[in-house]
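What follows is one structure encoded as structure tokens, with my remarks underneath.
The values are calculated or read from the model by the stated rules, or taken from the named source; none is laboratory data. Here the structure is a predicted model, which means the values were calculated and not measured. Positions of Cβ are backbone-derived with ideal geometry, glycine not excepted, and every protein chain shown enters the neighbour counts. Ligands, DNA and RNA are excluded from the accessible area calculation, which covers all protein heavy atoms including side chains. Shrake-Rupley method; radii C 1.70, N 1.55, O 1.52, S 1.80 Å.
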Amino acid sequence: MSQSSERGFFYMAYNMRKKSFGYPGNDPMQGDYGKTFRKAVAHCVDKKEIVERLLQNFGIAADGPVSAIDTDWYNDSLPQFGFDPDQAIRLLAYGADNNPDTADDYVLTDPTKDPGKGNWWKNPDGTPLGSGDGGKIEILTPPADYDPIRAQAGIMIATQMQNVGINAESIALDFGTIVQRIDQRNFDMYILGWSIGSDPTDFLYAFFHSSTVESGQNYPGYRNASFDSIIDHAR
């Protein structure tokens, strides 16, 4: 028996074209409206549990898309978001500035009760977070008979989000349907993975450059002019 390291990764993505998860009006010049929400969700992801239980320790918890085995490219100083549901609630309740009296604070369906299942958070302007029934966020995953790891990870993450008051549900779809949905940019969130066969300069360009937002592999719709300039120069 032999084994070798894999440079690829599993990941969860947001549709940043939607205000709840990224940019108002799909315009990054209007600011990153969903940044606080994404940070809160990051604290709902128990990477240690996913690696130990689902991957049977055949993997490592990552903080970015570049593998630690890519020693020439790996950045070990990236921000880390540990599993911390209480911090997720604090971010939503107090906003990025940790001030409960500012306009970027998320609002509860019933502000007199603690957040949790049935008492869901809404955007700071009172609009629903997700596009599903009742403002539910749909997290698309492959079905368990195709990929049990990603299917189970979706359930685990959605459950933790519900526990802090985020109305989310993991939706298992056949792989072809998921690919079609993300290619059409028709989703809230999804969990998939990449096998990597190129240097980071190439795959980071493909996944995150603004020129690939509408018809390329930048399915989440990430836009950052500074990143574009840096990765263009790096290539």
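Looking at region 199-206, can you tell me whether even one residue there is in contact (Cβ under 8 Å) with a residue 60 or more places away in the chain, open to solvent by less than 40 Å² (accessible area, probe 1.4 Å), out of contact with any His (no Cβ under 9 Å at 6 or more places or on another chain) and of a type in the set (D, E, K, R)? Checking region 199-206: not a single residue is in contact (Cβ under 8 Å) with a residue 60 or more places away in the chain, open to solvent by less than 40 Å² (accessible area, probe 1.4 Å), out of contact with any His (no Cβ under 9 Å at 6 or more places or on another chain) and of a type in the set (D, E, K, R). Residue selection: Gly165 satisfies the criterion of being on the phi > 0 side of the Ramachandran plot, in contact with a strand residue (DSSP E or B) (Cβ under 6 Å, 6 or more places away or on another chain) and modelled with pLDDT of 95 or more.
Every test in (1) open to solvent by 20 Å² or more (accessible area, probe 1.4 Å); (2) touching a Gly at 6+ places or on another chain (Cβ under 6 Å); (3) assigned to a strand (DSSP E or B); (4) not hydroxyl-bearing (Ser, Thr, Tyr) is passed by Ile139 save one, and that test is (1). The number of residues in region 116-135 being open to solvent by 60 Å² or more (accessible area, probe 1.4 Å) and either at positive phi or basic (Lys, Arg) (or both) comes to 3.
Looking at region 34-63, which of the residues that are assigned to a loop (DSSP other than H, G, I, E, B) and modelled with pLDDT of 95 or more is surrounded by the most Cβ atoms within 10 Å (Cβ to Cβ)? Filtering first and then ranking leaves Cys44.
Can you tell me which residue is modelled with the lowest pLDDT among those in region 179-198 that are open to solvent by less than 70 Å² (accessible area, probe 1.4 Å) and farther than 17 Å from Gly130 by Cβ?
That would be Ser198.
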